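Trainee: Quick one: the structure is below, and I'll ask about it shortly.
The values are calculated or read from the model by the stated rules, or taken from the named source; none is laboratory data. Because the structure is a prediction, the values reported are computed rather than measured. So basically every Cβ, Gly included, is an ideal-geometry build from the backbone, and we count neighbours across all protein chains shown. Accessible surface areas use protein heavy atoms only, side chains included; no ligands, DNA or RNA. Shrake-Rupley method; radii C 1.70, N 1.55, O 1.52, S 1.80 Å.
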Amino acid sequence: MAPPFSPAVVRADRVDRVALCGRTKTGRAAGGQDLITEPDDVTEAMPVTSTTASAPGFAHLLGNPWLRFAARRLGRLLVSVWVLVTGAFLMIHLIPGDPVRAALGNTAPVELVEARREALGLNDPLWQQYADYLRHLVGGDFGTSMLSGLPVSEVIGDRLPATAELAVLAFALAVLASIPLGLAMAVLTRGGRRKPVELAFTSGSVLLAVVPEFLVAVGLVYVFSVELGWAPVAMRQGPSSYVLPVLALAVGPASILARIVRVETLAVLQAEYIRTARAKRLPDRRVYLRHALPNALTATITVGGLLLGGMVAGTVLAENVFAWPGLGSTIVGSILAKDYPVVQGVVLVYGLGVLLVNLVVDVALALLDPRSTIRES
Amino acid sequence: MTSRARWAGVLRTPVGAAAAVLLGAVLLLAVLAPLLWGGRADEVDTAHILAPASAEHWAGTDNLGRDIFFRVLVATRTSVRLALLATAVGVAVGLLLGTLPLLLGPRLGRLVTAAVNIAVAFPGLLLALSFAVIFGAGASGAVPAIGLAIAPAFARLTQTLAASVAGRDFVAAARIAGVGRVRVLLRHVLPNIAEPLLVNATMAAGGSLLAFAGLSFLGLGVQAPDYDWGRLLGEGLNGIYLNPAAALVPGVAVVLAGLAFNLVGEAAAKAVGPRTATAGGRKRATDDARPTPTPTPTPTTAVPVRPQQSAQADALLIVEDLKVSFGPVTPVRGVGFTLGRGEAVGIVGESGSGKSLTALAVAQLIERPGRIEARRLELLGDDLLRTPPRARPRLLGTSLAMVFQDPMTSFNPVQRVGRQLAEVAEQHLGHRRGPALARAVDRLRAVRIPGAARRARQFPHEFSGGMRQRAMIGMGLMGEPKLIIADEPTTALDVTVQRQVLALLADVRAADDVAVLLISHDLGVVEQVCDRVLVMYAGRIVEDLPVARLRDGARHPYTRALLGAVPDLATDRDQPLVVIPGRPADPAAPTPGCAFAPRCPLADDHCKRADPALIEDGSGGRVACWHAEQRPEPAPAAATEGEGR
């Protein structure tokens, strides 16, 4: 759900980026082993290489910024996964009262509740439950639904494809629509040109960014299904049924991203290397696409990357508007029915999806901007 | 500006005022609606169940025949109240988590920071859903769920803001003075970050309003018989074919209220300061131009600029009466000079004298809103003012090379250096990728970059400043330049590297008979490289003379003052450094007379009334001064005010 939560996130990230730069400098200075040294000449670079060479092979391996990036990123991913898994495990244990009693209702016989508790292992000591949970997860066992008795992995296997389709399509649409739009807007409105266009774009994108996807979805259903009858109102049947859910999910993030692309491109167009590119008398197209865009994109991804992860969770709302047979409708139904093992499994899948998207974003950033691989640490 | 004045300023912008009015209306409705229309909203009318919108029921009725429009109005209170509660929870938890690193010290603090960073990576809705599992469905569960979901983002914002304040001197001073951590936080850090936090809390309130509507819509928020906008929306959606208004009216209410909070926050963010402003106003490309809206009459006393008669035939660059303007301000006011083949000419002057703009104008790199006018502007016999733009790139791209001041920022950071050079050959010489790159390596070698082939594959950040500047010159050598315009090429470099770069420029010039136009505020650099020097003041050339005559033959008082301000080994170090008294002329407020008159020791009334023309002195120089023949005793009073460099 990008819009409701995003402004603070985006802002925090922007401030963070500034802070990050500051941290980098001090970090590097303190770190000593500095690989982006700026050797003034080969002679000056010598001492640096000799100090690193004096350390054994391991330091040499660490010397490769890409390896260091991979190691650091993998470490962060593992920690995040561990936090996620532990969070999902604790979720059930933090529920006040007896979750099994809550799920089966007050009228359920004591024996049944006790038997279910035993089956779920809830009577074991906590550490053992945790160990079992981890062991089962590794084996692909997500537990069993309290209501249907089906393995949770089967439920997820049934529902995941529909959600993944929706997320991937919306993801692609948001990125593919926002970049050209933001770039074009920046080029058209640079240096105070075309004020009316700028006003229309900024106010339009603010409005679209504020409206959450489920409201966009309702609006789309009203216009395209009820009034115009162009698209089915709900369910997943044929390609036309994808249009509205994907659109509903992508519109908000796309307009925020387009705004960021525009602002970042405007900033980049002020940069001195753009003046250099112009001094080389490159055609405008090349100046914008080869010199401005990659730099604007790195900034955009740094600021807006979290948005794309947010879209994974945004599917929950969109699915519920369109009765989409995916994980989103499953998790809501399961929360209401207190079918905790299913909730646990679906939360895990969503969390992993988010982490995966974040990883893709980070790798894309590293490929686009080689400095970022060395940064941070 | 005081804090209160700034917040009042929010109301003066149209968006801010509209948002504030909207927010006021929403809050008023939240208070009054249940009192005024509570009865009508709950009135059951079984005769009119699920009626569509009509004059009687503006948004139709629900499955008990209750009027949906009034229900939406009455639901304002529940929706706003729960959103504010959730925001309060989120802000409180976020503040705690965000300031904890400061209270706990670096080691434990890092742990908290890491935890927050991990939590931030997960979308708010996912967190809200997970917490909703723990707290259970219903309003009392959704408030802490949404609160905790917005807390990480708020914590991170607090952390970054607090860290930036905590690094400042006054906090360090307080620490050294033995002030405790809690006290430092409460007295020094929090007051300094309160405004941006408040702004973000306002926007977070808008966010939680929307989020709450989402949870209620899913059935996880407010439970029947209570109702909020999200719940009404969810009920309305089921009958969207029969009565679209039942879904649209609550939807519009949510959007309006969300917008109200968000826009007030946005407007406040703009007013509060640059911290949260967009990244628009970074460094201007042309730092010599300071366009200000002061309308000024362009000087009507057209100065007859007499072009040099000598060397017109083999002139490489001819500039006559060049003007550069930004709106009403004209920082370059009629500059004229010629440059012969292989000649090296320096332009000196203070910041703001228009020397960089002159160079950019010659290179045709002035961007809108800047405007170039000139009587003549010719390079290699081609009229740059009238050449169709399509024919220009090749001419300028191959025969004119630019070197800019800051080598750190003049290369594209995400492209390999070799590619950036090769691009020129691909674009203008029709080279294919391979040969273009080979030429790039060759040119890097020509500017004495060791290991050129390897270096060509590196990124700019792997080069040192001096190497980058040499690579920049190498980029200019990709074509066959006849003119190199170097705009303060050594200002950002240290002295040894400076010498290497200047020597390289001199070599390039000698090898291929390339002319050099060197912009600098450093007379020493100009003396080292150039044959001739143009002294600029307030957008005009005030003196043009051979470098050999600079030290003892300068005739303009400004040139002499510049020379006097350069310390050398003989300078008495017990005396304060000599500066030129007064301030540089303001391009936004030109005077009718000589622009230097207010600072000139020789100025009289005539100087203040009439601007002297740039006149040839018969010995190869030109000077614009009514008192050029007068040579006062060089006794520039050592003034301590002013900002000469």
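Trainee: Please give the number of the condition residue A:306 fails out of (1) surrounded by fewer than 24 Cβ atoms within 10 Å (Cβ to Cβ); (2) assigned to a helix (DSSP H, G or I); (3) within 11 Å of chain B (Cβ to nearest Cβ).
Mentor: (1)
Trainee: What are the residues in the stretch B:614-625 that are under 16 Å from residue B:540 (Cα atoms) and surrounded by fewer than 17 Cβ atoms within 10 Å (Cβ to Cβ), if any?
Mentor: Selection gives B:615, B:616.
Trainee: When the residues of the stretch A:65-83 are filtered to those that are in contact (Cβ under 8 Å) with a residue 60 or more places away in the chain and among the aromatic types (Phe, Trp, Tyr), which remaining residue is surrounded by the fewest Cβ atoms within 10 Å (Cβ to Cβ)?
Mentor: A:66
Trainee: Of the residues that make up the stretch A:169-176, is at least one within 14 Å of chain B (Cβ to nearest Cβ) and modelled with pLDDT under 90?
Mentor: Yes, the stretch A:169-176 contains at least one residue that is within 14 Å of chain B (Cβ to nearest Cβ) and modelled with pLDDT under 90.
Trainee: To continue, here is another question. Could you say which residue among B:362, B:329 is hydrophobic (A, V, I, L, M, F, W, C), more than 23 Å from residue B:406 (Cβ to Cβ), within 29 Å of the chain's Cα centre (by Cα) and not assigned by TED's automatic domain parsing to the domain that holds residue B:558? Reasoning before the result, please.
Mentor: Working: B:362 fails: more than 23 Å from residue B:406 (Cβ to Cβ).
From the options B:362, B:329, the qualifying one is B:329.
Trainee: Can residue A:348 be described as more than 10 Å from chain B (Cβ to nearest Cβ), hydrophobic (A, V, I, L, M, F, W, C), under 30 Å from residue B:156 (Cα atoms) and open to solvent by less than 20 Å² (accessible area, probe 1.4 Å)?
Mentor: yes
Trainee: For the stretch B:575-601, what are the residues that are farther than 18 Å from residue B:348 by Cα, surrounded by fewer than 18 Cβ atoms within 10 Å (Cβ to Cβ) and at pLDDT 75 or above?
Mentor: Correct list: B:582, B:589, B:591, B:592, B:598, B:601.
Trainee: Any idea which of B:105, B:124 is assigned by TED's automatic domain parsing to the domain that holds residue B:222, closer than 29 Å to residue B:214 by Cβ and open to solvent by less than 20 Å² (accessible area, probe 1.4 Å)? Even if it seems obvious, please write down each step before you answer.
Mentor: Working: B:105 fails: closer than 29 Å to residue B:214 by Cβ.
Just one listed residue meets the conditions, B:124.
Trainee: Are there any pairs with C-beta distances below 8 angstrom linking a residue in the stretch B:481-498 that is under 19 Å from residue B:400 (Cα atoms) and assigned by TED's automatic domain parsing to the domain that holds residue B:408 to a residue that is aliphatic (A, V, I, L, M) and open to solvent by 20 Å² or more (accessible area, probe 1.4 Å), with the two at least 6 apart or on different chains, and if so which?
Mentor: If the second residue must be aliphatic (A, V, I, L, M) and open to solvent by 20 Å² or more (accessible area, probe 1.4 Å), the pairs left are B:482/B:380.
Trainee: Follow-up. Could you check the stretch A:324-334 and list, in sequence order, the residues that are facing chain B (nearest Cβ under 10 Å) and out of contact with any Leu (no Cβ under 6 Å at 6 or more places or on another chain)?
Mentor: Answer for the stretch A:324-334, where residues must be facing chain B (nearest Cβ under 10 Å) and out of contact with any Leu (no Cβ under 6 Å at 6 or more places or on another chain): A:328, A:329, A:331, A:333, A:334.
Trainee: Mind checking which residues of the stretch B:173-227 are open to solvent by less than 20 Å² (accessible area, probe 1.4 Å), within 37 Å of the chain's Cα centre (by Cα) and among the hydroxyl-bearing types (Ser, Thr, Tyr)?
Mentor: Result: B:208, single match.
Trainee: Let me ask something else. From the list A:275, A:281, which one is in a loop (DSSP other than H, G, I, E, B), at the interface with another protein chain (Cβ under 9 Å from one of its Cβ atoms) and open to solvent by 10 Å² or more (accessible area, probe 1.4 Å)?
Mentor: A:281
Trainee: Out of (1) more than 23 Å from the chain's Cα centre (by Cα); (2) buried (at least 19 other Cβ atoms within 10 Å of the Cβ); (3) under 30 Å from residue A:255 (Cα atoms), the odd one out for residue A:155 is which?
Mentor: All conditions are met except number (3).
Trainee: Being β-branched (Val, Ile, Thr) and crowded, with 17+ Cβ neighbours inside 10 Å is the filter here, so list the residues in the stretch B:474-513 that pass it.
Mentor: Within the stretch B:474-513, B:484, B:485, B:490, B:497, B:501, B:508 qualify.
Trainee: Continuing with this model, one more query. Have a look at A:113, A:81 and point out the one that is away from chain B (no Cβ under 14 Å) and either assigned to a helix (DSSP H, G or I) or under 24 Å from the mean Cα position of the chain (by Cα) (or both).
Mentor: A:113
Trainee: Does any residue of the stretch B:376-396 turn out to be at the interface with chain A (Cβ under 8 Å from one of its Cβ atoms), at pLDDT below 85 and open to solvent by less than 10 Å² (accessible area, probe 1.4 Å)?
Mentor: The answer is yes, given that some residue of the stretch B:376-396 is at the interface with chain A (Cβ under 8 Å from one of its Cβ atoms), at pLDDT below 85 and open to solvent by less than 10 Å² (accessible area, probe 1.4 Å).
Trainee: I've got another one for you. Scanning for something surrounded by 16 or more Cβ atoms within 10 Å (Cβ to Cβ), assigned by TED's automatic domain parsing to the domain that holds residue B:323, among the β-branched types (Val, Ile, Thr) and touching a residue at least 60 places away in the same chain (Cβ under 8 Å), does the stretch B:410-424 turn up at least one residue?
Mentor: no
Trainee: Does residue A:150 qualify as being open to solvent by 20 Å² or more (accessible area, probe 1.4 Å) and without any contact (Cβ under 8 Å) to a residue 12 or more places away in the chain?
Mentor: yes
Trainee: Do we find a residue being under 26 Å from the mean Cα position of the chain (by Cα), away from chain B (no Cβ under 14 Å) and not in a helix (DSSP H, G or I) anywhere in the stretch A:248-261?
Mentor: No, the conditions are met nowhere in the stretch A:248-261.
Trainee: Still on this structure: Within the stretch A:165-205, can you find the residues that are of a type in the set (D, E, K, R), surrounded by 13 or more Cβ atoms within 10 Å (Cβ to Cβ) and assigned to a helix (DSSP H, G or I)?
Mentor: Correct list: A:165, A:190, A:198.
Trainee: Would it be correct to say that residue A:313 is facing another protein chain (nearest Cβ under 7 Å) and either at pLDDT 90 or above or open to solvent by less than 20 Å² (accessible area, probe 1.4 Å) (or both)?
Mentor: For residue A:313, the condition - facing another protein chain (nearest Cβ under 7 Å) and either at pLDDT 90 or above or open to solvent by less than 20 Å² (accessible area, probe 1.4 Å) (or both) - is met.
Trainee: Taking only the stretch B:155-199 into account, find how many residues are within 18 Å of residue B:113 (Cβ to Cβ) and within 14 Å of chain A (Cβ to nearest Cβ).
Mentor: 15
Trainee: Which residue, of B:27, B:97, is touching a Lys or Arg at 6+ places or on another chain (Cβ under 9 Å) and either more than 22 Å from residue B:223 (Cα to Cα) or outside the structural domain of residue B:195 (by TED's automatic domain parsing) (or both)? First the steps, then the outcome.
Mentor: Values: B:27 fails: touching a Lys or Arg at 6+ places or on another chain (Cβ under 9 Å).
None of the others qualify; the one that does is B:97.
Trainee: Same structure again: Kindly indicate whether residue B:471 is surrounded by 24 or more Cβ atoms within 10 Å (Cβ to Cβ) and in a helix (DSSP H, G or I).
Mentor: Taking the combined requirement at face value, the residue satisfies it.
Trainee: With the condition kept exactly as written, say whether any residue in the stretch A:209-218 is part of a helix (DSSP H, G or I), away from chain B (no Cβ under 12 Å) and surrounded by 15 or more Cβ atoms within 10 Å (Cβ to Cβ).
Mentor: no
Trainee: Still on this structure, please answer the following. Filter the stretch B:434-454 for residues that are more than 16 Å from residue B:403 (Cα to Cα) and open to solvent by less than 10 Å² (accessible area, probe 1.4 Å) and give the result.
Mentor: Residues satisfying the conditions are B:436, B:440, B:449, B:452.
Trainee: Let me ask another. When you go through B:357, B:365, B:339, B:322 one by one, which is the residue that is open to solvent by less than 20 Å² (accessible area, probe 1.4 Å), on the phi < 0 side of the Ramachandran plot and in a loop (DSSP other than H, G, I, E, B)?
Mentor: Checking each option against the conditions leaves just B:365.
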